Amino acid sequence: MRAAVMRQASDLQRAQALSGYLFLLPSFALYLAFVLAPVVVTCILSFAYFDPMLGSRWVGLDNYIRFFTDDRSQQIFWNTLRFTIFAVTGNICVGMLFALALDRKMPAIFLYLFRLAFFLPVIIAAAFVSIVWSYFYGDDLGVINYYVIRLGLSPVHWLTSSRYAMMSIVIMDVWKNAGFFMIIFIAALQGVPKTLIEAAVMDGASYWRRFFRIVLPWISPVVFFAIVYASIGALQVFESVVILTRGGPGDATRSMSIYIVESAFDSFEIGYAASIAVVMTIVILAITIVQFLASRAWVRH
Amino acid sequence: MKSLLTGLFIASSVTFAAGAASADDTTANLRLQAFGGDAQLTAVKHAIERFNQKYPNVKVEVAIDPISNGWGDYVTHVLSQFNGGNAYDVYGTAIETFRTFEERGLFVPLDDYIAKSPGYSDFDPSLFKYSSYQGKTYFIPIGWNNIMINYNRELFKEAGLDYPKNWTWDEFREAAKKLTKRDAAGNVTQYGYEVPNQNFFVQPWFLTNGTSPLNADWTASNMLDPKVAETLQFLHDLIHVDKVSPIPGNSTMDNQFDAGQVAMISRGHWIIENAKKAKLDMDVANVPSKLNGNTVIGFGGYGVSKTSKNQELAKELVGALTSEETQKEEGELGGGVPGRKSAADSPAFLAFPPSAALYYQSLPHTIPVPSPANFQDVEKIFMRNYVAMMADEISIAEGVKRTDRELNESFKRLEALQKAK
């Protein structure tokens with residue numbers, strides 16, 4: 001009797017397990033086909049010279065050696081890091097300032113209006129935003145330089161000088177993405193217990209003291225998430241750079257993802273591009289690990 | 001990403017069904033990838049209608065690519081179609097891409113078809129010469145473009161300048177200075193010239209100085225030739241010393257030319273279409289000479305892909321696309337100079353710009369745009385460094401060295417590939 005019960009349960013379990021696996025199958029198959037397989041193939045390709053029409057051969061570590069010895073790739077690597085540092089700092093800080101500004105009592109209509117206004121750039125495709133900003137940034141006919149000249153200053157080469165080009169892209173990126181972090185931070189700020197804040201107010205703590213001592217520690221997990229999320233996005237920056245500067249002048253604004261695409265589909269060096277992609281993945285992984293380790297010191301769960 | 005690109009590339013995709021009844025009852029589907037703007041699409045549509053009169057049961061599907069990012073991107077696009085087993089039957093493409101495609105054996109030789117079709121003798125022989133590879137012709141030429149100086153006649157009159165005929169670099173430079181206007185604060189309100197921001201447009205400056213960024217048979221860099229640096233210095237000085245041109249940016253200044261904000265630009269015949277629409281009082285002039293008056297030529301052609309299941313029909317379609325009627329129409333609508341001399345002699349073609357006859361007259365003094373099998377790589381390398389030099393990011397001396405090194409690395413990779421094959 002007992003054995004029969006056991007066997008019955010086991011059948012049920014098996015049936016449940018089977019249906020469980022069947023439910024998993026579609027997403028797992030998609031994951032396998034579109035995520036895992038490309039990752040594995042990319043890793044394999046990074047050790048080869050690959051051309052589907054003219055033939056392929058193994059080249060060992062040549063692709064990696066080329067990446068780490070070529071001065072172009074060095075510059076592009078640092079460009080990407082530089083962009084990430086500035087864009088993440090800008091997005092998080094501006095997003096936080098907007099969130100703090102909107103996290104207060106005001107007529108609902110204004111609240112929705114401001115939230116919408118700051119969030120709107122997020123939902124517009126980066127490609128359109130970049131095209132519009134390229135008109136703002138034009139040297140001679142650009143909107144910004146029109147006012148710069150009106151103020152009696154000499155026009156700024158926003159996109160045609162390596163001194164400003166990267167900053168111009170960062171400014172646009174912050175304009176576009178800060179609204180996203182604002183929404184996340186507003187949600188987090190509303191979760192800070194009112195009682196804590198009221199107690200601090202009673203104790204006479206100033207606004208910024210309350211922010212740094214109570215609010216920021218309370219929402220630190222959210223800030224941490226935002227930083228990781230923004231970093232991964234910034235490391236993959238692509239279309240805004242392509243449209244604004246095509247990576248120029250020279251290589252001044254070229255990012256790693258642009259370099260991957262150009263190597264793979266302009267130079268047809270699929271293998272070399274794969275090796276850059278592997279390096280980029282490792283860099284993103286490393287930066288995320290560093291952020292996680294550092295978060296132990298300042299994130300309070 | 002890929003689907004986005006494909007979406008951008010294929011501006012429109014139209015299917016033409018059979019029309020009139022006669023001749024052949026072959027039933028088939030053909031796919032044609034053409035390039036150009038509205039004018040080309042119209043001419044192509046009409047060519048297909050003529051083709052369908054003979055083959056009423058052959059359906060031709062057309063995709064047209066505006067080539068807004070240069071020929072390198074088009075090569076990528078076409079190669080990915082072949083790689084994906086999704087190639088079209090007939091491709092319209094340009095000289096820049098011929099070597100890449102021929103090297104990979106993607107198109108079938110058309111010599112038999114050319115031999116049995118009378119009327120191709122009307123083409124300038126040089127066009128067929130450059131569409132051949134290792135003794136076989138893979139593409140039948142259509143329109144061509146050579147780079148000329150396009151100038152705004154009104155602005156010339158305003159500046160008290162005579163219209164240019166045969167001029168030198170120095171005369172050009174003086175004209176550009178006189179054509180540049182500044183406001184009280186010294187900011188430019190009208191530029192004399194646009195230093196080109198595309199590989200094809202900038203070539204005449206090298207050619208007229210008797211040099212080129214690549215060697216004569218397109219197998220190595222020629223960047224270390226002092227004349228290359230001299231040419232780059234001249235262009236650089238137009239921007240930074242005379243300040244008659246802005247730094248080459250991402251977008252071409254065609255609109256500013258049509259709006260009278262730039263007095264001269266280096267372009268081919270394709271800008272005529274818009275200049276007419278803008279009612280611009282413009283004309284073309286030969287490129288300014290230094291050692292000679294040579295300019296660059298590029299041209300398009302149609303080829304039949306090796307993977308086509310209906311190669312003979314596809315050849316017939318190429319025949320319709322390169323016929324005199326199609327050529328005439330393309331020439332008149334604008335977009336290129338017809339490959340057939342007869343089509344370029346039509347009154348409609350010669351009506352505008354006033355010196356339209358110059359296009360054919362300058363043909364003997366043209367040299368094809370350097371188009372090695374690694375063109376898309378060469379173009380990127382050259383343009384990236386060229387823009388950096390023009391923007392004063394790196395010195396000319398440093399820039400030519402860097403370009404030379406990168407170009408030769410690319411040629412080395414190409415050679416390794418050719419050996420492996």
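The values are calculated or read from the model by the stated rules, or taken from the named source; none is laboratory data. Only a predicted model underlies this, so the values are computations on that prediction, with no experimental measurement involved. Every residue, glycine as well, gets a Cβ built from its backbone with ideal geometry; the counts of neighbours run over all protein chains shown. To get the accessible areas, we keep the full protein, side chains included, count just its heavy atoms, and leave off ligands, DNA and RNA. Shrake-Rupley method; radii C 1.70, N 1.55, O 1.52, S 1.80 Å.
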Fill in: Mean-position separation - Cα centroids, the stretch B:40-113 and the stretch B:390-405, in angstrom
37
Discussion item. Quick check for you: with a 1.4 Å probe and neighbouring chains kept, what is the accessible area per residue of the protein assembly as shown, in Å²?
Written reply: 47
Discussion item. Using only the alpha-carbon atoms of the stretch B:149-273 as identical scatterers, what base-10 log of I(q)/I(0) does the Debye formula give at q = 0.09, 0.10, 0.23 Å⁻¹?
Written reply: -0.26, -0.33, -1.48
Fill in: Theoretical gain in end-to-end length, B:Glu61 to B:Glu158 [0.36 nm per residue, Cα-Cα removed]
29.9 nm
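Figure the gain on full extension for B:Gln418 and B:Ala259 (residue separation times 0.36 nm, minus the Cα-Cα span) and round it to one decimal in nm.
Contour length minus the Cα-Cα distance gives 52.4 nm.
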Practice prompt. Would you tell me the accessible area of B:His365, worked out with a 1.4 angstrom probe on the heavy atoms of the protein chains, in Å² to the nearest 10?
Written response: 100
Fill in: FRET efficiency estimate (nearest 0.05) - Cβ-Cβ, A:Trp58 to A:Arg14, R0 41 angstrom
0.35
Worksheet item: How large is the Kirkwood hydrodynamic radius of the stretch A:188-271, in angstrom, based on all distinct alpha carbon pairs?
Response: 16.4
Fill in: Neighbourhood net charge (11 Å Cβ-Cβ; Lys/Arg +1, Asp/Glu -1) for B:Glu379
-2
Discussion item. Within the stretch A:111-226, what whole-number % of the accessible surface is contributed by carbon and sulfur, with the 1.4 Å probe and all protein chains included in the calculation?
Written reply: 71
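Do any of B:Lys129/B:Lys243; B:Lys157/B:Lys290; B:Lys290/B:Lys401; B:Lys59/B:Lys279; B:Lys309/B:Lys380; B:Lys129/B:Lys290 go past 31 Å between their Cα atoms, and which? Intermediate results must be reported in sequence, preceding the final value.
Working: B:Lys129/B:Lys243 41 Å; B:Lys157/B:Lys290 25 Å; B:Lys290/B:Lys401 24 Å; B:Lys59/B:Lys279 39 Å; B:Lys309/B:Lys380 35 Å; B:Lys129/B:Lys290 27 Å.
Over 31 Å apart, Cα to Cα: B:Lys129/B:Lys243; B:Lys59/B:Lys279; B:Lys309/B:Lys380.
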Worksheet item: For B:Ser132 and A:Arg296, what is the calculated FRET efficiency with R₀ set at 56 Å and r taken between the beta-carbons, to the nearest 0.05?
Response: 0.25
Worksheet, complete the sentence: Treating every alpha carbon of the stretch A:16-92 as one equal point scatterer without solvent, the Debye formula yields log10 I(q)/I(0) values at q = 0.13, 0.23 Å⁻¹ of -0.75, -1.02
Worksheet item: Using Cα atoms only, what is the angle between the long axis of helix B:324-333 and the major principal axis of chain B, expressed in degrees (0 to 90) to the nearest 10?
Response: 40
Worksheet item: To the nearest µm²/s, what D does Stokes-Einstein give for chain A at 10 °C and 1.306 mPa s, using the Kirkwood radius over alpha carbon pairs as Rh?
Response: 69
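Translational diffusion coefficient, Stokes-Einstein: compute it for chain B using the Kirkwood radius over C-alpha pairs as Rh, at 10 °C and 1.306 mPa s, and state it as an integer in µm² s⁻¹.
71
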Discussion item. Quick check: the distance between the Cα centres of the stretch B:144-189 and the stretch B:224-285, to the nearest angstrom?
Written reply: 10
Worksheet item: So for the pair A:Leu22, B:Ser355, with labels modelled 7 Å out along Cα→Cβ, what separation do we get in nm?
Response: 7.9
Response to the item:
Of A:Leu81, A:Leu120, A:Leu159, the most mobile residue in a GNM of chain A (C-alpha springs, cutoff 10 Å) is A:Leu120
Worksheet item: Kirkwood hydrodynamic radius (Cα pairs, Å) of the protein assembly as shown?
Response: 29.0
Practice prompt. Consider all pairwise Cα distances in the stretch A:45-87 and report the whole-number % of them above 12 Å.
Written response: 67
Discussion item. With bins 5 Å wide starting at 0, give me the P(r) of the stretch A:45-151 over every alpha carbon pair, in whole percents.
Written reply: 2, 8, 8, 10, 13, 13, 12, 10, 8, 6, 5, 3, 1, 0
Worksheet item: Quick one: which bits of the stretch A:155-194 get at least 50 Å² less accessible when the partner protein chains are in, versus the chain alone, with a 1.4 Å probe?
Response: A:Thr160
Discussion item. Stokes-Einstein diffusion coefficient for the stretch A:150-301 at 20 °C in a medium of 1.002 mPa s, Rh from the Kirkwood formula over Cα pairs: what value in µm²/s?
Written reply: 114
Practice prompt. From other protein chains only, count the Cβ atoms within 10 Å of every residue's Cβ in A:260-267, then give the mean.
Written response: 5
Worksheet item: In the stretch B:364-404, which residues become less accessible by 30 Å² or more once every protein chain is in place, relative to the chain on its own, using a 1.4 Å probe?
Response: B:Gln376, B:Asp377, B:Lys380, B:Arg384, B:Glu393
Item to complete: Report the accessible area of B:Leu179, computed with a 1.4 Å probe over the heavy atoms of all protein chains in place, in Å² rounded to the nearest 10.
Response: 0
Fill in: Folded to 0 to 90 degrees: helix B:311-321 orientation relative to chain B principal axis, Cα
50
Worksheet item: Chains A and B: what accessible area do they bury, summed, in square angstrom to the nearest 100, with a 1.4 Å probe?
Response: 2800
Worksheet item: Using a simple spin-label model with points 7 Å from Cα along the Cα→Cβ vector, what separation in nm is obtained for A:Tyr164 and B:Asp281?
Response: 3.6
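Give me the Å³ per residue figure for the convex hull around the C-alpha atoms of the stretch B:311-377.
Hull volume normalised by residue count: 135 Å³.
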Worksheet item: Residues of the stretch B:168-204 with accessible area at least 20 Å² lower in the all-protein-chain context than alone (1.4 Å probe)?
Response: B:Asn187, B:Tyr191
Item to complete: Residues in the stretch A:49-86, backbone N under 14 Å from the label point at A:Ile287 (7 Å along the Cα-to-beta-carbon vector): list them, ranges by number please.
Response: A:76-86
Item to complete: Filter the DSSP H helices in chain A by two things, a Kyte-Doolittle mean of at least 1.6 and an axial alpha-carbon span of 24 angstrom or more, and list the hits by number.
Response: A:216-235, A:270-298
Response to the item:
With label points set 7 Å from each Cα along the Cα-to-Cβ direction at B:Arg405 and B:Asp345, the distance between them in nm comes to 5.5
Fill in: Calculated FRET efficiency for the pair B:Ser121/B:Lys227, C-beta based, R₀ 51 Å, to 0.05
0.85
